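Everything on this sheet refers to the single structure shown next.
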Amino acid sequence: MAGSGNRMGIDMGMRCKQCNQPITSGNITESAFGVFCSEGCKDKYETFVQRAQQLESMRRPFSLSRTLKTFIGKVIVILILLIALGVLGTVMPDIPILSDIVRTVREALGI
């Protein structure tokens with residue numbers, strides 16, 4: 001496609017990384033982060049990158065205690081749900097699906 005990159009004098013091959021506007025040969029501003037249409041867009045993007053790096057440095061490192069706490073919390077929720085199903089199955093033994101499960105669990109526990 002010959003000439004498909006130009007339209008009314010505008011170089012359509014590149015777009016600003018900040019505002020996504022077409023970049024012309026007259027308004028191109030290059031940076032280590034990419035190509036921008038103006039100094040303002042370049043400055044905004046550099047500010048964004050600096051803030052993102054700052055937030056990333058504030059992130060808490062991996063913590064075994066936090067992971068263990070999350071795991072224990074999930075186990076407790078599962079146990080509460082199982083106890084609720086057991087009570088429901090004992091109070092209402094006519095529920096077809098629960099009666100088999102409750103009977104199997106009770107036999108396994110020796111109740």
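The values are calculated or read from the model by the stated rules, or taken from the named source; none is laboratory data. This is a predicted model, so every value here is computed, not measured. Positions of Cβ are backbone-derived with ideal geometry, glycine not excepted, and every protein chain shown enters the neighbour counts.
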Residue among Gly26, Gly89 that is outside any helix (DSSP H, G or I), among the small types (Gly, Ala, Ser) and either modelled with pLDDT under 90 or exposed (fewer than 10 other Cβ atoms within 10 Å of the Cβ) (or both): Gly26
Any hit, region 46-62, residues being among the small types (Gly, Ala, Ser) and surrounded by fewer than 12 Cβ atoms within 10 Å (Cβ to Cβ): yes
Identity of the residue in region 63-86, part of a helix (DSSP H, G or I) and of a type in the set (S, T, N, Q), that ends up surrounded by the fewest Cβ atoms within 10 Å (Cβ to Cβ): Ser65
Any chance Val35 is in a helix (DSSP H, G or I) and either touching a Lys or Arg at 6+ places or on another chain (Cβ under 7 Å) or among the hydrophobic types (A, V, I, L, M, F, W, C) (or both): no
Test: residue in region 78-90 that is touching a helix residue (DSSP H, G or I) at 6+ places or on another chain (Cβ under 9 Å) and among the hydroxyl-bearing types (Ser, Thr, Tyr): yes
